[in-house]
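As structure tokens, the structure follows; a few thoughts come after it.
Nothing in this text is a laboratory measurement; each read-out follows from the coordinates by a stated rule. Because the structure is a prediction, the values reported are computed rather than measured. Heads up, the Cβs are rebuilt from the backbone with ideal geometry, glycines too, and the neighbour counts pull from every protein chain shown.
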Amino acid sequence: MSDNDVRAMIIIGGGPAGYTAALYAARANLQPLVIEGFQWGGQLMITSDVENYPGYPDGILGPQMMQEFRRQAERFGAEFVTDDVTRVDLSEQPFHVYVGDEDYLAASVIVATGASARQLGLESEVSFQGRGVTYCAVCDAAFYGDKQVIVVGGGDSAMEEAIFLTKFASKVTIVHRRDEFRASQIMLDRAKAHEKIEFVTNAVVDEVLGDGVMKAVRLRGVDDDSTWELPADGLFVAIGHDPNTSLFVDQLDHDDAGYLVTTPGSTATNVEGVFAVGDVVDHTYRQAVTAAGSGCMGALDAERYLAAREGHAGTALTAPRPEAAEV
């Protein structure tokens with residue numbers, strides 16, 4: 001095997017984190033290969049208007065923003081494979097990244113596979129994504145000023161989403177399948193004390209209703225199978241997220257929920273030369289802008305690692321500051 005067969009960097013995943021890492025790596029002349037997956041673009045591909053990303057004062061559609069991220073990285077030399085990674089071997093250098101029978105070799109790997117919001121599993125839920133159904137109150141609450149919305153869930157995340165939504169919506173109804181909640185008592189008390197929040201327990205969402213845009217949901221009672229309609233303009237599904245880490249949990253350190261663990265102050269994993277960025281490590285913020293920032297960090301960390309292997313400090317993090325220049 002010749003050195004020419006080994007790429008400097010492979011980025012696994014195509015979303016804000018992966019594409020930003022690709023942009024920085026490409027500008028550092030590392031010619032990264034991005035294996036972006038069939039469903040490239042991450043969670044923004046099921047997001048309609050994005051109004052909270054800097055640089056887009058008039059907002060932008062989520063899929064369009066991801067296309068622009070991708071095009072910018074490609075402009076500087078990033079290469080793309082629109083397919084899913086099926087297996088990785090991080091046990092030795094060079095690392096092996098498999099797409100079916102195709103074996104790609106790399107001196108460094110950036111994992112940017114993100115996380116997926118848990119869904120209710122309804123056909124109508126999919127039909128109304130971006131037209132009433134959403135998975136992030138921080139992202140989309142501003143679209144529901146003076147409107148009635150529903151939050152599905154019973155944990156702290158659901159309570160936090162509901163309380164945040166009260167800043168905009170006229171009424172927030174929390175729907176939970178049981179009458180007991182996983183939420184901490186303090187979060188539950190805050191939600192119950194809020195004048196805009198109501199609770200419907202022992203019920204599940206059976207169907208999202210509307211004509212082009214959401215108008216209501218059909219609820220079904222868990223105890224008696226009775227059904228009724230509840231008018232609402234928005235449905236916020238807050239039943240958790242799952243990190244897309246099944247390929248890596250046998251080889252990389254992770255927490256109990258499956259999120260990859262990195263060295264504090266770094267994107268480095270427990271395997272030297274492997275870095276993790278974006279929502280695959282972040283279960284707190286989960287925003288496009290934080291994922292992009294994390295992708296930048298991963299590329300800089302990887303570039304410095306590759307440079308150190310070649311016996312120099314690298315360029316990404318060592319450019320002299322103007323004020324430090326000798327005079």
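Observations, loosely collected:
- Separation of alpha-carbon centers, the stretch 56-95 and the stretch 174-219, rounded to whole Å: 36 Å
- Taking V289, V34, V277 as the candidate residues, the one with maximal mean-square fluctuation in a Gaussian network model of the chain, Cα springs under 10 Å, is V289.
- Over the stretch 151-246, relative contact order from alpha-carbon pairs under 8 Å, at least 6 apart, %: 28 percent
- Treating each Cα of the stretch 119-237 as an identical point scatterer and summing with the Debye formula, the log10 of I(q)/I(0) at q = 0.10, 0.11, 0.15 Å⁻¹ comes to -0.25, -0.31, -0.59.
- Isolated Cys residues of the chain, judged by Cβ distance under 4.7 Å to other cysteines: C296
- Comparing A28, G13, A216 along the charge dipole axis of the chain, the residue lying farthest to the positive side is A216, per the Cβ-charge model.
- Excluding exposed DSSP-loop GluC sites (Glu not before Pro) (at most 16 other C-beta within 10 Å), longest clean stretch of the chain: 93-179
- Centre-to-centre separation between the Cα atoms of the stretch 258-279 and those of the stretch 1-45: 16 Å.
- Dividing the summed -39500 (n - 2.57) terms of all DSSP H runs of n ≥ 4 by the residue count of the chain sets its mean residue ellipticity at 222 nm at -7000 deg cm²/dmol.
- Estimated translational D of the chain in µm²/s (Stokes, Kirkwood radius over Cα pairs; 37 °C; 0.692 mPa s): 154 µm²/s
- Its Cα centre serving as origin, the stretch 218-261 has a Cβ charge dipole (Lys and Arg +1, Asp and Glu -1) of approximately 180 debye.
- FRET efficiency, 1/(1 + (r/R0)^6) with R0 25 Å, evaluated for T290 and D242 via beta carbons: 0.85
- Highest mobility in the GNM of the chain, judged by mean-square fluctuation with C-alpha springs under 10 Å and restricted to A21, A142, A268, is found for A142.
- Exposed-loop-free span, longest in the chain, where chymotrypsin sites (Phe, Trp or Tyr not before Pro) count as exposed if DSSP calls them loop and at most 15 other C-beta atoms lie within 10 Å: 39-284
- In summary, the helical segments of the chain meeting the span-like criteria, namely a full DSSP H run, a Cα extent along the axis of 15 angstrom or more and a mean Kyte-Doolittle hydropathy of at least -1.0, are 16-27, 288-309.
- Top of D189, D83, D256 by mean-square fluctuation, Gaussian network on the chain, Cα under 10 Å: D256
- Relative contact order, percent, the chain [alpha-carbon distance under 8 Å, six or more residues apart]: 19 percent
- Charges were assigned to the Cβ only: +1 to each Lys and Arg, -1 to each Asp and Glu. The resulting dipole of the chain about its Cα centre is roughly 820 debye.
- Between I46, A203, L165, the Cα set farthest toward the positive side of the dipole of the chain (charges on each charged residue's Cβ, about the Cα centre) is that of L165.
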